[in-house]
Amino acid sequence: MTEQNQHQTLLRQLPGISTLLETMASDVASWGHAEVTRALRDHLAALRQHILAGDRPDMAAGDIRAAVLQTLNRRASASLIRVFNLSGIVLHSNLGRANLSPDAVAAVADVASGASNLEFDLATGKRGDRESHIEAMICELTGAEAATAVNNNAAAVLLALNSLAMGRKVLVSRGELVEIGGSFRIPDIMARAGCSLIEVGTTNRTHRTDYEAGGDDAALIMKVHTSNYRIEGFTTCPAESELAQVASNRGIPFMIDLGSGNLIDFRSLGLPHEPTVADAISNGADLVTFSGDKLLGGPQAGLVAGRAELIAQLKANPLKRALRMDKMTLAALAETLKLYRHPEGLQKALPTLRLIMRDEHEIHTLAESLRPAFEAALGATYRVAIETTLSQIGSGSLPIETLPSSAITLRPLSGDDRDLRLLGDALRRLPRPVLGRMHQGALWLDLRCLEQGEVSQLIAQLSELAL
Ligand SMILES: *Cc1c(COP(=O)(O)O)cnc(C)c1O
């Protein structure tokens, strides 16, 4: 028999789709006809390729069913899943930033599963405003006259610039033309908002007079909090209150993009100073924009607080409708803001603050309790140790401040980087992936963000580690 004839014989032996679908009736009932048919077609096509390539693949109905069920299960597993953030960065932008409090999570689930009074005023029975659920609280916590919120802080900045200065000039210091990770760049957002950026001052020094003299007929002075870097040395920039005065003398608004929406005095908690939204308002900012999922500890959102007349302009902008928040985010934000009404309880109730404030001795004790499980799971080819390390807050908050912490470090005794990578791969393939940081020939698992209630899950899945 020629090779071609052999292929033809094998191809003819392949079961047909309809026969296979009949034998898989129960699978069709649980997965749906279209999904099973699609997986079967794909698998049969792959088998044909193998045959034509000279292979003799398993093609009994049972083998085909097993392979197809594997595909169906793989397709059904979620893509977006929980992970263990042992990176040492509390607010990690790639890992979803702030963890929501249980109250916020419950509120999301509640409004997501049924109808709600999202835009319905229960008192009057008339149409309501979706921001009524948060606006008063933002004002209460920041001292602002009015507030609004959109999808994220990038959107808040875009909306504010477009509402207040479309087709006009905006003054920004050359020391503040920042890029935030993920392509948020001040010059670009300015262009998209339809504003012309007028740079004033220099990279390291910008004076009050630069703002007074720069760009006649400018519509806005904007200050950007340099959240992810710091310029040190021979530097100067006017105080916020001075800029507010310059803007007021020029008859234009003064806006601050604060980035991280810090609502509490960090120093009173023994943490490094981070300006608050209330500081910015009391320093005379007419508008302040900030994120919901950075230090504020809530869902992804962009909040704007400030003068009522300006907030009204933002709300009237057609872009506002395109950038508006959805009900789940609003529910989470409202519950998160509520926690701030009880500042003494905040450290316990707000996960972001709890993780930032976590005591280094507690983290060390946690590392000691976990070490035997890692030693048992990794065997003799890795050295498991506990080392002190420095965590970061992340998301551009207090970029050069660090928090003393402890890590479990895993080192291949071979000293081979390939073994280290294999270990990293295996930890990422666990049911709930474990994400650490490669550093100096070891995988560092900073335990700052491992909550006590998650320890048993972490230990239990280590037995599945496939090295
Ligand atoms: C983080 C940040 C932004 C972007 O905020 P998102 O909520 O990520 O859109 C803008 N400006 C500054 C100064 C920031 O720190």
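Before moving on, here are some points about what is shown:
- Legend: calculated FRET efficiency, Ala45 to Arg429, from the Cβ-Cβ distance at R0 = 30 Å, rounded to 0.05, equals 0.60.
- Computed from Cα atoms alone, the Kirkwood hydrodynamic radius reported for the range 3-76 is 12.7 Å.
- Within the chain, DSSP assigns beta bridges of which about 60% are antiparallel (rounded to the nearest 5).
- Each semi-axis of the equivalent ellipsoid for the range 241-315 is √(5λ) with λ an eigenvalue of the Cα gyration tensor; in descending order they amount to 23, 16, 8 Å.
- Positive dipole terminus of the range 3-76, leading residue within Gln8, Ala45, Ala34 (C-beta point charges): Ala34
- Per-peptide average of other Cβ atoms within 10 Å, ordering 424-437, 16-29, 445-458 highest first: 445-458, 424-437, 16-29
- Sequence-distant residues sharing a close amide H with Asn262 (under 5 Å, placed H): Val277
- Of the GluC sites (Glu not before Pro) found in the range 126-208, those in coil by DSSP whose Cβ has at most 16 other Cβ atoms within 10 Å are Glu145.
- Table column - 3J(HN,Hα) (Hz), the range 199-205, Karplus curve with 6.51, -1.76, 1.60, x for Gly and Pro: 6, 10, x, 10, 4, 9, 9
- Rounded, prolate or oblate (a/c below 1.5 giving rounded, otherwise prolate when a/b exceeds b/c) for the range 381-467 by Cα gyration tensor: oblate
- When each of Lys126/Lys327; Lys294/Lys320; Lys223/Lys294; Lys223/Lys348; Lys223/Lys327 is checked by Cα-Cα distance, pairs over 24 Å: Lys223/Lys348; Lys223/Lys327
- For the range 84-169, a crude dipole built from +1 on the beta carbon of Lys and Arg and -1 on the beta carbon of Asp and Glu, taken about the Cα centre, is about 440 debye to the nearest 20.
- Loop trypsin sites (Lys or Arg not before Pro), the range 6-96 (other Cβ atoms within 10 Å of the site Cβ: 16 or fewer; DSSP): Arg82
- The range 142-154 - phi-based ³J(HN,Hα) in whole Hz, Karplus 6.51/-1.76/1.60, Gly and Pro as x: 10, x, 7, 6, 8, 7, 8, 8, 9, 4, 7, 5, 4
- Summarising the amide proton neighbourhood of His439: residues at separation of 5 or more, or on other chains, whose placed amide H is nearer than 5 Å comprise Trp444.
- In Hz, Karplus ³J(HN,Hα) per residue of the range 369-383 (6.51, -1.76, 1.60; θ = phi - 60°; x = Gly, Pro): 6, 8, 3, x, 5, 5, 4, 5, 6, 9, x, 7, 8, 10, 9
- Loop sites here are chymotrypsin sites (Phe, Trp or Tyr not before Pro) outside DSSP states H, G, I, E and B with no more than 14 other Cβ atoms within 10 Å. The longest part of the chain free of them is 235-467.
- Whole-number accessible area per residue in Å² for the chain, which is evaluated in the context of all protein chains at 1.4 Å: 48 Å²
- Virtual spin-label span in nm between Arg307 and Glu232, 7 Å along Cα→Cβ: 3.7 nm
- Span from the the range 90-126 Cα centroid across to the the range 19-61 one, whole angstrom: 43 Å
- Percentage, to the nearest whole number, of Cα pairs in the range 172-275 over 24 Å apart: 27 percent
- Scaled radius of gyration (Cα, divided by 2.2 N^0.38 Å) that the chain gives: 1.25
- Accessible surface of the chain [probe 1.4 Å, protein heavy atoms]: carbon and sulfur percent: 50 percent
- For the range 313-467, the dipole from Cβ point charges (+1 on Lys and Arg, -1 on Asp and Glu) about the Cα centre works out to 980 debye, to the nearest 20.
- Here the contact order of the range 230-300, divided by its residue count and restricted to Cα pairs under 8 Å and six or more residues apart, works out to 34 percent.
- The range 263-359: radius of gyration over Cα atoms, expressed as a fraction of 2.2 N^0.38 Å: 1.18
- The amide H of Ile89, built 1.01 Å from its N in the peptide plane, has Gln392 as neighbours under 5 Å, considering only residues 5 or more places off or on other chains.
- Under the combined filter of DSSP loop state and at most 14 neighbouring Cβ atoms within 10 Å, the range 214-288 retains these GluC sites (Glu not before Pro): Glu232.
- Computed over neighbours whose Cβ is under 11 Å from that of Asn152, the net charge equals +1, Lys and Arg +1, Asp and Glu -1.
- Highest-first packing order for the peptide set 155-166, 319-330 is 155-166, 319-330, based on the mean count of other beta carbon atoms within 10 Å.
- Binning the C-alpha pair distances of the range 102-347 at 5 Å intervals from 0 yields a P(r) profile of 1, 6, 13, 18, 19, 16, 11, 7, 4, 2, 1, 0, 0 %, listed from the shortest bin outward.
- For the range 102-347: relative contact order, % (alpha-carbon pairs under 8 angstrom, 6 or more apart): 27 percent
- Taking label points 7 Å from Cα along the Cα-to-Cβ direction, Leu118 and Ala78 give a separation of 2.1 nm.
- Computed magnitude of the charge dipole of the chain (debye, nearest 20; Cβ of K, R +1, Cβ of D, E -1): 940 debye
- When you restrict to C-alpha pairs under 8 Å that are six or more residues apart and normalise by the size of the chain, the relative contact order lands at 18 percent.
The values are calculated or read from the model by the stated rules, or taken from the named source; none is laboratory data. This is a predicted model, so every value here is computed, not measured. Every residue, glycine as well, gets a Cβ built from its backbone with ideal geometry; the counts of neighbours run over all protein chains shown. Surface areas here come from the heavy atoms of the whole protein model, side chains and all, with no ligands, DNA or RNA. Shrake-Rupley method; radii C 1.70, N 1.55, O 1.52, S 1.80 Å.
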